[in-house]
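Right, one structure below, let's go through it.
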Amino acid sequence: MFFNIIHTRIRYVFAILVLVLITVILKVFYIQVFQYNKLSKLASSLWSRNLPIKADRGIITDRNGKVLATNITTTSLVLIPNQISNKKEVAKKLSEILGVSYDEMYKHVSKKTSIERVHPEGRQLNYEIANKIDKLELDGVYLVKESKRYYPYKDLLSHTLGYVGIDNQGLSGVELMYDNYLTGEDGAIKYFSDGKGNKLELTEVYEQPQSGVNISLTIDLDIQLSIERELDNIVSKYKPDDALIIAMDPDSGEILGMGSRPDFDSNNYKNYSTEVINRNLPIWMTYEPGSTFKIVTLAASIEEKQVNLFEDKFYDDGSITVGGATIHCWKPGGHGEQTYLQVVENSCNP
């Protein structure tokens, strides 16, 4: 009886141990198979760091492949604060080169973050400034490639093309409308560091950026250049408040050229008022057909035999009320009695 009780307890203990072992095996299997990617990324984030490389934005061309908007390569300043031992010295040197205050730069080099992008002072640096920083050979100070939008024809087609912000995001025109297509996928230079952020002597990994999709417009650059030239002539000769021209293929409806004044340089849009950069007049501005439509209404009247161009008369006393609105003639006091042929000749509003 006593031995039977012991054997029973041994079997229970053995069964429990087997269940525990099976549970452990299942847990390990779950971690290795189902949670591997998640845990691997979390582990990698503890010891790998990425220096961002901005992707080129898609190019915009005219119907014949002539480039209207492209990219130029610049450099930007990126800091790894944990790798900077003498923060005061680095802040002093960088502030002098970039022309910013020491206190502002010290905030950047002392920030509690794995990677610090110096914005906006360290963005899109010219060659001279970037070269000065590079020659310092400071630990934790990096210069990375950055793409900058460039419009080779400056103010040509500026309202239609639009412009982009400092992060290459579309803010207006085609740049905004097709931003999802034009925006590429950023790359990075991946390096490895210990828990304190100190760089490890391991091979860096280069992840190549992917450029955005190129877009071709129906615009014909030669026609557009002619439009821009004529708009300049109009403004120079007549000095209007605004002017606009549209050239369209009547068979397909494709816009071959479109421009207006005032315009702006898309490369330096910040130098212009919002009223100028945000108003594409051929699209935004309402314009009455005016005298050009008088021919249409008169032709319809003749076709329907409502008036005789030579015999019927119309008396213009200077104004007429239609639908509660008073329409005035351009000539004070009106034209008096006229035939309908004279109505056309005189461009009589009433």
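The values are calculated or read from the model by the stated rules, or taken from the named source; none is laboratory data. Note that the structure is a prediction, hence the values are computed from the model and not measured. Glycine also receives a Cβ, built like all others from the backbone with ideal geometry; neighbour counts cover every protein chain displayed.
At-a-glance table
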{"read-out": "Qualifying helices (runs of 4 or more DSSP H) (wholly inside segment 79-140; at least 2 residues being of a type in the set (Asp, Glu) and within 27 Å of ALA55 (Cα to Cα))", "value": "127-136"}
{"read-out": "Residue, surrounded by the fewest Cβ atoms within 10 Å (Cβ to Cβ), within segment 308-338, restricted to residues that are closer than 19 Å to SER291 by Cα and in contact with a Phe, Trp or Tyr (Cβ under 6 Å, 6 or more places away or on another chain)", "value": "LEU309"}
{"read-out": "Qualifying residues in segment 99-157 (those that are of a type in the set (S, T, N, Q) and more than 18 Å from the chain's Cα centre (by Cα)) - the one surrounded by the fewest Cβ atoms within 10 Å (Cβ to Cβ)", "value": "ASN126"}
{"read-out": "Which listed residue, of SER252, SER301, SER291, is exposed (fewer than 10 other Cβ atoms within 10 Å of the Cβ) and either under 28 Å from PRO152 (Cβ atoms) or of a type in the set (Gly, Ala, Ser) (or both)", "value": "SER252"}
{"read-out": "Filter result for VAL322 (modelled with pLDDT under 95, in contact with a helix residue (DSSP H, G or I) (Cβ under 7 Å, 6 or more places away or on another chain), assigned by TED's automatic domain parsing to the domain that holds THR339 and more than 30 Å from PRO152 (Cβ to Cβ))", "value": "no"}
{"read-out": "Top-ranked residue in segment 110-140 [being modelled with pLDDT of 90 or more and of a type in the set (Val, Ile, Thr); ranked as nearest to THR74 (Cα to Cα)]", "value": "ILE129"}
{"read-out": "Conditions (1) out of contact with any helix residue (DSSP H, G or I) (no Cβ under 6 Å at 6 or more places or on another chain); (2) at pLDDT 90 or above; number of the one not met by LEU94", "value": "(1)"}
{"read-out": "Residues located in segment 65-85, provided they are surrounded by fewer than 16 Cβ atoms within 10 Å (Cβ to Cβ), at pLDDT below 90 and of a type outside the set (Val, Ile, Thr)", "value": "SER85"}
{"read-out": "Checklist (1) modelled with pLDDT under 95; (2) within 21 Å of TYR163 (Cβ to Cβ); (3) surrounded by fewer than 17 Cβ atoms within 10 Å (Cβ to Cβ) applied to LEU225, failing item", "value": "(1)"}
{"read-out": "Segment 166-180 residues that are within 13 Å of GLY58 (Cβ to Cβ), paired with ones that are charged (D, E, K, R) (beta carbon under 6 Å, 6 or more apart)", "value": "ASN168/ARG57; GLY170/ASP179"}
